[in-house]
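For reference, the structure discussed in these notes is given below.
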Amino acid sequence: AQSVSQHNHHVILSEAASLELGCNYSYGGTVNLFWYVQYPGQHLQLLLKYFSGDPLVKGIKGFEAEFIKSKFSFNLRKPSVQWSDTAEYFCAVTFNNAGNMLTFGGGTRLMVKP
Amino acid sequence: ETGVTQSPTHLIKTRGQQVTLRCSSQSGHNTVSWYQQALGQGPQFIFQYYREEENGRGNFPPRFSGLQFPNYSSELNVNALELDDSALYLCASSSGGSTLNTEAFFGQGTRLTVV
């Protein structure tokens, strides 16, 4: 079955540290890839998306992600985190045999210490 | 702000009761998808409505049903509530039905607690 996994459930970093959150999916066909962020008490916001083209995608707030097709991965990165990045991060995938239904990973809760 | 509004924001129901949750889609969007987010988990797809018809369904029982209205707003109905239905219910608005390469915009959700 198609699935999305995020390996880090909780991450604690100090401000200015670099961030990398892992995301892997299981499916051999065409995918669209997304990272969403959920700040406490707020709605899910799209950080970035990949549909096609350059596998290195830049999003809002200094985030970027790289699609590595051979590894079925779409890891999220930020060179220097801020306290305001404290939130929960979700990787999501649409599989081309399932319309645009989003399949989410379990989420990674990031805490950035000031 | 995404322009997607959900009501109510919080709700407490008793096991066995029925509940209706509402969603107004973003202007210009004709597709609404519903997701269930249990505590500590990622959202799970319930179903999608496009032009007032169900356009895809996840692994949820028939007691989860929905409607979409001519103005593209939508309702999620859950009958015979169970304790495990306690979750955050998210509505996502998009355009083009199940067309690929579209972006979904989420509302803030309705927090349902079943006691």
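Calculate the length of the line joining the C-alpha centroid of segment A:56-114 to that of segment B:69-103, in whole Å.
23
What lysines could a cross-link reach from A:K61, if we take a straight Cα to Cα line under 28 Å and drop same-chain neighbours fewer than 8 places away?
A:K49, A:K69, A:K71, A:K78, A:K113
Please average, across the residues of A:100-112, the number of beta carbons from any other chain that are within 10 Å of each residue's own beta carbon, and give a whole number.
The per-residue average across the peptide is 5.
For a quick size check, give me the Cα extents of chain A along its three principal axes, largest first, whole Å.
Extents along the principal axes: 43, 28, 21 Å.
Got a sec? What order do A:K58, A:K49 fall in by accessible area at 1.4 Å, biggest, i.e. largest, first?
Sorted descending by solvent-accessible area, the residues read A:K58, A:K49.
Mind giving me the FRET efficiency for A:Q82 and B:H10? R0 is 35 Å, r the Cβ-Cβ distance, nearest 0.05 is fine.
Once the sixth-power term is evaluated, E becomes 0.70.
Can you tell me which aspartates and glutamates have their Cα less than 17 Å from the Cα of A:K58? Leave out same-chain residues fewer than eight positions away.
A:E20, A:E66, A:D85, B:E103
In the protein assembly as shown, if the dipole is taken from +1 on Lys/Arg beta carbons and -1 on Asp/Glu beta carbons about the Cα centre, which of B:A104, A:A87, B:V78 is farthest to the positive end?
A:A87
For B:K13, A:K61, give me the order by solvent-accessible area with a 1.4 Å probe, most accessible first, ignoring ligands, DNA and RNA.
A:K61, B:K13
At a Förster distance of 35 Å, what's the computed FRET efficiency of B:A80 paired with A:S73, Cβ-Cβ distance as r, to 0.05?
0.30
Kindly report the accessible area of the protein assembly as shown per residue (heavy atoms of protein chains, probe 1.4 Å, no ligands, DNA or RNA), in Å².
47
About the Cα centre, and with charges only on the beta carbon of Lys, Arg (+1) and Asp, Glu (-1), how big is the dipole of the protein assembly as shown? Nearest 20 debye, please.
200
With only Lys, Arg, Asp and Glu charged, each at its Cβ (+1 for the first two, -1 for the last two), find how big the charge dipole of chain A is about the Cα centre; round to the nearest 20 debye.
60
The values are calculated or read from the model by the stated rules, or taken from the named source; none is laboratory data. Bear in mind the structure is a predicted one, so any value in this text is a computation, not a measurement. Backbone-built Cβ (ideal geometry, glycine too); neighbour counts: all protein chains shown. Calculation scope for accessible area: heavy atoms of the full protein, side chains included, ligands and nucleic acids excluded. Shrake-Rupley method; radii C 1.70, N 1.55, O 1.52, S 1.80 Å.
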